Amino acid sequence: TIPAGAYVVQVSSQRTQDQAQAAFDNLRQRYSGVLGGVTPVIQRADLGDRGTFYRVRIPASSRDDAISLCERLKSAGGDCFVRRN
């Protein structure tokens, strides 16, 4: 789990937990230089009428660390955004 108020880098959102894990595995393989040593947290999000999604998030120790990780991933060709948990 990710503590409330912690910063995270969200790298994917999928319909099932298996799809979320597979998406991260694919991202880690494609961007191993950025994501090789990180462990994601997959969080279930019930969005009511829009359904349930599984968000792939990487906890960061600070806002600056989260921004740095996201910028490195984007520079490598990936996509992400930073948010507060």
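The values are calculated or read from the model by the stated rules, or taken from the named source; none is laboratory data. Model, not experiment: these values are computed from the prediction. Note that each Cβ is placed from the backbone with ideal geometry, even for glycine, and that neighbours are counted across all protein chains shown. Side chains included, ligands, DNA and RNA excluded: accessible areas come from the protein's heavy atoms. Shrake-Rupley method; radii C 1.70, N 1.55, O 1.52, S 1.80 Å.
Using Cβ point charges alone (K and R +1, D and E -1), the dipole size of the chain about the Cα centre works out to roughly 60 debye. Within the full protein context, the accessible area of Ser75 is estimated at about 100 Å² for a probe radius of 1.4 Å. For the chain, the pair-distance distribution built from all alpha carbon pairs, in bins 10 Å wide starting at 0, is 19, 51, 27, 3 percent.
Heavy atoms of the protein chains alone define the surface here; on that basis the chain has 60 Å² accessible area per residue at 1.4 Å probe size. Rolling a 1.4 Å probe over the protein heavy atoms of the chain, with every protein chain left in place, gives an accessible area that is 43 percent carbon and sulfur.
Spin-label pair Gln29-Asp49: with each label point 7 Å from Cα along the Cα-Cβ axis, the two points sit 3.8 nm from one another.
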